[in-house]
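So the structure is just underneath, and the comments pick up after that.
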Amino acid sequence: MRTPRAAYPVTWRVMDMLERLAAAVWPSSFQRGLPYLMLLPAIVLVGLLVLGLVQIGDTSLRVLDTSTFLMSEDYTLANYQRVLTENFFATVAGRSLMGSLIVTAITLLFAFPYAYLMVRTPSSALRKFLLVALFLPFFIGQVVRAYGWLIILGNQGMVNEALGLVGVPPMRLLYNYPAVLFGLVQYMLPFAVLMLAPALTAIPNELEAAAASLGAGWVRTFRYVVLPLSRPGLVGAGLVVVTLSLTDFAIPAILGGGTQDFIANAIYDQFFRTSDQGLGATLSLMLVAVGSILVGVVFMLFGAGTLAMGETRK
Amino acid sequence: MGVVDAVQPAVEPRDRIAVSVKDVSMVFGNVHAVRSASFDLPKGRFLTILGPSGSGKTTLLRMIAGFDRPTGGEIFINGQPVSAVPPHGRAIGMVFQKLALFPHMTAAENVAFPLKMRRHDARGIPEKVERYLDLVRLGGYGSRRINELSGGQQQRVAIARALVFEPDLLLLDEPLAALDRKLREEMQLEFRRIQKELGVTTINVTHDQREALVVSDEIIVMNGGSIQQKARPVDAYRAPSNAFVANFIGVTNFVEGRVVELAGSRATIEANGLHLAGLAADATLAGGKPCAGAVRAEQIRVAPKDGHLDGLETVVDGLVVDCIFEGERVVYEIRVPRLGGVLMRVFDHDPESHLQFGPGDAVRLGWNARDMHVFAK
């Protein structure tokens, strides 16, 4: 005997109705196409980006006519020549590249113990505290945070006041390279920790106990067991940090005070200050190229780390 | 069932003791994981700590390995107190429950790891690794990565890695629990063979009573953090020291009642109006106190209702509830109305009489008084 329909919860009946509706609109013979249909929004988004890239490529081949402020009609490689030969751009590129590498190294160094402690601590209270402390900066935007550092590190800021108490004269802590790197490390730390934590979770506790019972103290357990096994996490975190800091705009702009421009700041200047869209587009493409090459080299040397998904992951 | 050695001396000289556990306790918060455990293990013996999950057996093993520090008592290895010694400072090989092989190394690199960490002469390492891989019958597999080996082969790598640095003590933390039955029984014999070949003192932890009986020289049965009995397998089986051990090892039927008479080693109990004779197996028995008579499933004989069970002191009538064919034996579940309807399990190992009774048949059960061990409740 069939149970009366009313015996089922309302949500079930709503679901039944929706399924019948879906079957009418989208017959089961179309089902094979469904996954592709669901991919469509992503393809449209990426496609727009590619179109934009083509547009930028087109712009990068035109020079600005300074008398009319119009882009030239015919194609030329003059912008590329300027970017590759002028000292200013080499300085900016070198500063950005070196900065992103230093920031990555320092960030990983700081993030590793943080992630390790967060993953391994037996105290759930400590784990929650570390997680909250990690996520709190995410709620404060990058720009607001950078302004916060201006207040703390300024000539009349907290740090200089504290130094004054112990008799150290006020010093300039802002608008220099270390200030930018400091701000970037502080900004990148949560990303690195979040990328590292799953990789460290994947290392069974038992392996470290085994290493200890086999005669390895903690230094060698770390060197021979934990470090090699956390490589996927380090590679993934490193890639994220290096690309984000290489392309960062706000922190070099605010904490560098215009004296420590990264590539993104130079691009901004070309587009919005000198209105030389051609040069800006060229710089943008160069940044995309440098970033891609960097990521490609890391992929070739170390594999994709936690960014490699599916079966190929080692 | 195990290997019955010649009579062992009751007390070992001090320098023959490999591990000595003295009043060791472990308290996590308000949980007493181990309560005042004490035992001595002579060198070269294979000891199994047997108990249900949560009995404290793994905690005890982890304290011996050095991963946890006892909250009370002291552990001595070769006569030296070791509570303050970290795991890497102890010469203990351990095979972990999930093996804990290093996935980023080959089998040979795994086996070489303890030699490198313990600063053995680098020139001797390859030869030694090869020898131990041969010992566990994995010669030629050294260059395989761990994920290219089968479950049984991984077990063998883990054993080789735990033994290659010639530790004072080998600890096995239920490494066989995840294997299928056939492989598990094969590996049990393998553990025993390797242990005898090298003569290394071994402590094994398991909840598998069959494994404990098969591999060990001695068994410690634990429950609720306390050691219930320490005995040779054959003694633990034949003369369990309390109702828990009797129930945990083997298939045992319990008849509940109270003691009516104690005369030397004989105890008579009254259960549901019947007087049953048994063996007083518990020193705390006293007249009038509640008790339980324990009879092994294989000590009970079954006959048809009008049949004879000559020479058996206790005979009761029963009704077959179920009969389970297990291949080499049949297990009968028989309800005994005269004993308050208790359900007794009886093994029939005679292939000729297999399945002679079916559910609903009236039968007669009998056992000898010496086969019923009476424990205090």
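Structure values in brief
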{"quantity": "Relative compactness, chain A, computed as alpha-carbon Rg over 2.2 N^0.38 Å", "calculated": "1.35"}
{"quantity": "Likely footprinting exposure, A:20, B:232, B:193, B:161, fewest C-beta neighbours within 10 Å first", "calculated": "A:20, B:193, B:232, B:161"}
{"quantity": "GNM top mover of A:43, A:152, A:263 - chain A, alpha-carbon springs below 10 Å", "calculated": "A:43"}
{"quantity": "Segment B:251-376 shape via C-alpha gyration tensor axes, a/c threshold 1.5", "calculated": "prolate"}
{"quantity": "Rel. contact order, % - alpha carbon contacts under 8 angstrom, at least six apart, chain B", "calculated": "15 percent"}
{"quantity": "Estimated Rh, chain B: Kirkwood, alpha-carbon pairs, angstrom", "calculated": "23.1 Å"}
{"quantity": "Within-10-Å neighbourhood charge of residue B:296 [Cβ basis; K, R +1; D, E -1]", "calculated": "0"}
{"quantity": "Antiparallel %, DSSP beta bridges [both residues in segment B:14-242], to 5", "calculated": "55 percent"}
{"quantity": "Value in Å of the Kirkwood radius, where segment B:308-360 supplies the Cα pairs that are averaged", "calculated": "11.8 Å"}
{"quantity": "Per-q log10 I(q)/I(0), segment A:191-294, q = 0.14, 0.15, 0.16, 0.17 Å⁻¹ (Debye; single scatterer per alpha-carbon; no solvent)", "calculated": "-0.69, -0.73, -0.77, -0.82"}
{"quantity": "Local electrostatic count at residue B:99 - Lys and Arg +1, Asp and Glu -1, tallied over other residues with Cβ under 13 Å", "calculated": "0"}
{"quantity": "Charged-residue dipole, Cβ positions (Lys, Arg, Asp, Glu), the protein assembly as shown about Cα centre, Debye nearest 20", "calculated": "760 debye"}
{"quantity": "Ranked list, fewest to most other Cβ atoms within 10 Å of each Cβ, for A:159, A:83, A:166", "calculated": "A:166, A:159, A:83"}
{"quantity": "Spacing of the two label points (7 Å from each Cα toward its C-beta) at residue A:274 and residue A:131, in nm", "calculated": "5.0 nm"}
{"quantity": "Simple label model, 7 Å out from Cα along Cβ direction - residue A:158 to residue A:43, nm", "calculated": "5.2 nm"}
{"quantity": "Within segment B:117-140: backbone nitrogen closer than 11 Å to the residue B:78 label point (7 Å, Cα to C-beta)", "calculated": "none"}
{"quantity": "Nonlocal amide H pairs with residue B:296, under 5 Å, H built at 1.01 Å", "calculated": "B:253"}
{"quantity": "Charge dipole (the protein assembly as shown, unit charges on Cβ, about Cα centre) - positive-most of A:178, B:314, B:302", "calculated": "A:178"}
{"quantity": "Tensor-based shape of segment A:1-141 (alpha-carbon gyration tensor, a/c under 1.5 rounded, otherwise prolate or oblate)", "calculated": "oblate"}
{"quantity": "Partner chain coverage, peptide B:109-119 - average Cβ within 10 angstrom", "calculated": "3"}
{"quantity": "Relative contact order of segment B:251-376, pairs being alpha-carbon contacts under 8 Å that are 6 or more residues apart, as %", "calculated": "32 percent"}
{"quantity": "Fraction of the pair-distance distribution of the protein assembly as shown above 42 Å, Cα-Cα pairs, percent", "calculated": "55 percent"}
{"quantity": "Partner lysines for residue B:196 [C-alpha distance under 25 Å; skip if fewer than 8 residues away on the same chain]", "calculated": "B:43, B:57, B:98, B:128, B:182, B:230"}
{"quantity": "Label-to-label distance, nm, for residues given as residue A:25 and residue A:72 (7 Å Cα→Cβ offset)", "calculated": "5.4 nm"}
{"quantity": "Within the protein assembly as shown, helix-based [θ] at 222 nm, where runs of 4 or more DSSP H residues each add -39,500 (n - 2.57), nearest 500", "calculated": "-13500 deg cm²/dmol"}
{"quantity": "Within chain A, longest stretch clear of exposed GluC sites (Glu not before Pro) (DSSP loop, no more than 16 other Cβ within 10 Å)", "calculated": "A:87-314"}
{"quantity": "Residue list for segment B:142-170, given a label point 7 angstrom along the Cα-to-Cβ vector of residue B:104 and an amide N cut-off under 20 Å", "calculated": "B:143-149, B:158"}
{"quantity": "Pairwise FRET efficiency - residue A:117 versus residue A:138, Cβ, R0 = 22 Å, nearest 0.05", "calculated": "0.70"}
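A short reminder: the numbers here are calculations on the coordinates, not readings from a lab. Here the structure is a predicted model, which is why all the values come from computation and not from measurement. Cβ atoms come from the backbone with ideal geometry, glycine included; neighbour counts cover every protein chain shown.
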